[in-house]
Amino acid sequence: MNTILQDVRFAVRQLRKSPGFACTTILTLALGIGATTAIFSLVNTVLLRPLPFPQQERLISVSEGRELPGQAPGTAGALRPNVLSYPDFFDWRAQNHSFSGLAAYHDNDFTLTGIGDSRHLNGEVVSAEFFRVLGVSPALGRDFRAEDEKPGMHVAILSHELWQNTFAGAPDILNRTINFGGVAYTVAGVMPKGFEFPIHSHAPELWATLATDAVDPAGGEPMTVQRGAHLLDVIGRLKPGVTLSQATADLTVIARNLAAQYPDSNKHTVGAVLKTELDHMVGDTQSGLRVIFAAVCFVLLIACANVAGLLLARASSRRSELALRAALGASRFAVIRQILVESVVLSLCGGAAGIFFAWAVLKALVRLVPEDIPRLNQVAMDAPVLWFAIAVSVVTGLLFGVLPAWRMSRLEPAQALRDGVRSTSDRGQNRLHSALVIAETAVGLILLVGSGLLIRSFIQILHVDPGFDSDHVLTASLDLPENRYSPEKTVQFYSQLLPRLRALPGVKFAGAAGPLPLSSDYIGVTFEVEGRPTSKADQPGAAVSVAYPGFFETMRIPVLRGRSFHDTDTRTSQPVVMISESFAKKYFPGEDPIGKRINPGISDDVTRGMREIIGIVGDIKRRGITAEKAPEFYLPLSQCAVLSPTLVLRTAGDPTSLTGAVRAQVAALDKDVPLYQVRTMRDLVAASSAQPRFQTLLLTCFAVMALLLSAIGLYAVLSFMVVQRTNEIGVRMALGAQRNDVLTMVLRRGLTLAVAGLAIGLIVSFALTRLIATMLYGVKPFDPLTFAVVTCVLLVVSVIASSAPAFRAARLDPMRTLREQ
């Protein structure tokens, strides 16, 4: 231990003697370690940190498995996961032998009334065993009971935050009656502080039992008896000793039995898809974050290579010192230990600076991360991240110190003392320098190719036509209480509100529709084409939206043929429907669909049956800016008031300036109707491309860092070579070599290293780019333009980095050089 402490003190003294070298090395390491630590903090929070539930590895996300499009019926292969219906969930819950409990849940909007202004709340409708499956009990009150699922039982459990912020932590909150959407709910309990499930960007504020769905206020069938209405996410807790594969086989048998028993609704369900809840939660986020973390590790490797080169160069100036130590009896191990201790001390200093850099990067990073990434609010520089930074610092120090330590431990003391501090070119050391530069260039090319592909992909995304004009459009959601707003009253409310909104100064058009394009909501239903009889199980399906007259004009979705919805399309007039261009091409190829009729699988208690197609509109992007445009149809709100559509207003100026005026008009009609999710359509478009934007920005930043570090490494190697070969260059010039010859010699050396690195990098890039294929849109992983541009950029940067040492060598005075020899 004393020996190590002596080495540490000696290392500190050595660094104080060379402040320029120390600062350069520490800053280089701070850049690499800081960036790596910041990204690790994100990866650790989102991907690695376990869920805050007991025995979280036994929590399993459960979905039904459907055959992929184009897959032959009955063939083995990957299955497309799909949410469950209530009857299927009840059967799975009752018949399985693998889970100690299965629980269902789905998002639901609640409107809190009777306590100040009406307020929209994010909530969940859950089955009674929901919290028991998670292994969490309320902090106050009781859990849900089985009888709470029965129709007419309206029971809720509040989040700790809602209890504190809205009810001031009232101790008498239990058994109090609270109005949500005009329905009286009894408060059964309050969850612990910080509890959140599902874990996503908008934490639930309350949980209600599925009794909420057991009655249809429109007079139709309640959701709990509709086997074809798929809306439930399901989570289960495995019994001890049961594996994931055993549970999958168990549920697959149940799914296939149900498909045989109910072919009309379950024909396409062929199995079950199970995964750990942690994997289900992070979803598609995993691949992107792993690629980004790999990229930042590459940057750290380049920084290590640069520092290793600096240490090799510095070690050459310490040949006499190290040789003297060896001559005085220091063993080879002692020399290696001393250099490694110096490396680790340098790296720890760089790590300390890197932690501050990581803290600053993390603050900026959180603002750029897409909101839909789970647990984003928990990202912090916590203890595991700090330990990671320390571990990376130590490993990094050993990594870049090994080559110099091994190299300098092989010095012959007599030869080194005879040469002094000035030595001739060392072929072995030059080879090490060259290998480091080649490796840096290769890694830099890999990162540049990856970022280049993502940049080209993101440019393609920016030029995607969503099918509508998002400029100057304001959107706002409403939540009409179901107990007070029948379908007729819902239509009446919008018929009164929209003329008021159109009369507002600055409003050009106003309409309403739901779900909105690019929103997280999606309704898919089956339909029947008149004159084409099919069994219920074989009916085609498409997306459906409910629209109010003026929606297509507001969004500037073109009506290609026929007409749009009019105010004359009422509940007592001819039932009508509008279809998209894709719908017309797929289901009416070579025909004129105008005047033909379809029977949608969605309606309220009055408007059922066949509907006449009155118009064809342009396709829009519904499920995402990079998703394919799919067939869909639109129903007029007046003839299918099954939801409260979102308001859309096209304005002359800044859309957000009208938020207050819109809110006032809604309150003037009904003060208990909250206005929420007020945002522009441009915000929705931007949110749809947030993940590719984030990935592209980060990978490009790391690629630029790698490019700069590679250029600095090449510059340092050539500068060191010029210093080593000063005498040789002086002799060459004294014997008649021209300055252009010297310039060419150094440039040729630099470009040889760069080309070698490019060749290796290209080969590796061809193998690795397929890993980011799922992150690309409109660009192939082996895009020749990207590879060509990136190669040219690296060559140009290499020429620039080589030029300064080359010109310095060409300007040497041969006579002065020979006199100083």
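The values are calculated or read from the model by the stated rules, or taken from the named source; none is laboratory data. Note that this is a predicted model, so its numbers are computed, not measured. For neighbour counting, all protein chains shown are included, and Cβ atoms are generated from backbone atoms with ideal geometry for every residue, glycine included. For accessibility, only protein heavy atoms count, side chains too; no ligands or nucleic acids. Shrake-Rupley method; radii C 1.70, N 1.55, O 1.52, S 1.80 Å.
Are there any helices (runs of 4 or more DSSP H) wholly within region 624-732 with 1 or more residues that are closer than 30 Å to residue 305 by Cα, and if so which? Walk me through it before giving the result.
Numbers: elements: 659-669, 681-688, 690-724.
Of the helices (runs of 4 or more DSSP H) lying wholly inside region 624-732, those with at least 1 residues that are closer than 30 Å to residue 305 by Cα span 690-724.
Can you pull out the residues in region 770-790 that are among the hydroxyl-bearing types (Ser, Thr, Tyr) and open to solvent by 30 Å² or more (accessible area, probe 1.4 Å)? Walk me through it before giving the result.
Keep residues of region 770-790 that are among the hydroxyl-bearing types (Ser, Thr, Tyr), which gives 774, 777, 786.
Correct list: 774, 777.
In the list 554, 572, 568, which residue meets the criterion of being open to solvent by less than 20 Å² (accessible area, probe 1.4 Å) and of a type in the set (Ser, Thr, Tyr)? Full working, then the answer.
Values: 572 fails: open to solvent by less than 20 Å² (accessible area, probe 1.4 Å); 568 fails: open to solvent by less than 20 Å² (accessible area, probe 1.4 Å).
The conditions single out 554.
Starting from residues that are open to solvent by less than 50 Å² (accessible area, probe 1.4 Å) and within 15 Å of residue 214 (Cβ to Cβ), keep the ones in region 137-151 and report whichever is modelled with the highest pLDDT.
144
Would you check if residue 672 is of a type in the set (Asp, Glu), over 24 Å from residue 579 (Cβ atoms) and modelled with pLDDT of 90 or more? Spell out the reasoning first.
Details: of a type in the set (Asp, Glu): yes; over 24 Å from residue 579 (Cβ atoms): yes; modelled with pLDDT of 90 or more: no.
The answer is no for residue 672.
Please identify the pairs in which a residue from region 710-737 that is modelled with pLDDT of 75 or more has its Cβ atom under 6 Å from the Cβ atom of a residue that is surrounded by fewer than 21 Cβ atoms within 10 Å (Cβ to Cβ), counting only partners at least 6 apart or on another chain.
Filtered contacts from region 710-737: 711/797.
Do we find that residue 626 is surrounded by fewer than 23 Cβ atoms within 10 Å (Cβ to Cβ), closer than 30 Å to residue 585 by Cα and polar (S, T, N, Q) in this structure? Lay out the reasoning, then the answer.
Details: surrounded by fewer than 23 Cβ atoms within 10 Å (Cβ to Cβ): yes; closer than 30 Å to residue 585 by Cα: yes; polar (S, T, N, Q): yes.
When the stated conditions are applied, residue 626 passes them.
Answer yes or no as to whether residue 486 is more than 27 Å from residue 613 (Cα to Cα) and among the small types (Gly, Ala, Ser). Give the derivation first.
On the way: more than 27 Å from residue 613 (Cα to Cα): no; among the small types (Gly, Ala, Ser): yes.
It is false that residue 486 is more than 27 Å from residue 613 (Cα to Cα) and among the small types (Gly, Ala, Ser).
Can you pull out every residue in region 262-281 that is closer than 30 Å to residue 52 by Cα, surrounded by fewer than 17 Cβ atoms within 10 Å (Cβ to Cβ) and out of contact with any strand residue (DSSP E or B) (no Cβ under 7 Å at 6 or more places or on another chain)?
Of everything in region 262-281, just one residue is closer than 30 Å to residue 52 by Cα, surrounded by fewer than 17 Cβ atoms within 10 Å (Cβ to Cβ) and out of contact with any strand residue (DSSP E or B) (no Cβ under 7 Å at 6 or more places or on another chain), namely 279.
Would you please list the contacts, defined by Cβ atoms under 9 Å and residues six or more apart or on different chains, that run from a residue in region 281-301 that is under 26 Å from residue 56 (Cβ atoms) to a residue that is in a helix (DSSP H, G or I) and among the small types (Gly, Ala, Ser)?
Sorted first by the residue in region 281-301, then by its partner, the pairs are 291/450.
Within region 518-549, track down each residue that is more than 24 Å from residue 265 (Cβ to Cβ) and either of a type in the set (Phe, Trp, Tyr) or crowded, with 23+ Cβ neighbours inside 10 Å (or both).
Across region 518-549, the qualifying residues are 518, 547, 548.
For region 14-115, list the strands (runs of 3 or more DSSP E) that sit wholly inside it and hold at least 1 residues that are of a type in the set (Val, Ile, Thr) and open to solvent by 10 Å² or more (accessible area, probe 1.4 Å); which are they?
99-113
Between a first residue in region 612-630 that is under 11 Å from residue 466 (Cβ atoms) and a second residue that is open to solvent by 30 Å² or more (accessible area, probe 1.4 Å) and not in a loop (DSSP other than H, G, I, E, B), which pairs have beta carbons less than 7 Å apart while being 6 or more apart in sequence or on different chains?
Here the result reads 618/560; 618/581; 619/581; 624/688; 625/685; 625/688, each pair linking region 612-630 to a residue that is open to solvent by 30 Å² or more (accessible area, probe 1.4 Å) and not in a loop (DSSP other than H, G, I, E, B).
Would you please list the contacts, defined by Cβ atoms under 6 Å and residues six or more apart or on different chains, that run from a residue in region 195-214 that is farther than 14 Å from residue 232 by Cβ to a residue that is open to solvent by 10 Å² or more (accessible area, probe 1.4 Å) and acidic (Asp, Glu)?
Listed pairs, sorted by first residue: 201/371; 201/372; 203/196; 211/149.
Taking region 775-793, which residues are more than 23 Å from residue 286 (Cβ to Cβ) and part of a helix (DSSP H, G or I)?
Scanning region 775-793 gives 784, 785, 786, 787, 788, 789, 790, 791, 792, 793.
Quick one: which strands (runs of 3 or more DSSP E) sit completely within region 465-551 and have at least 2 residues that are modelled with pLDDT of 90 or more?
Hits in region 465-551: 473-478, 507-514, 541-548.
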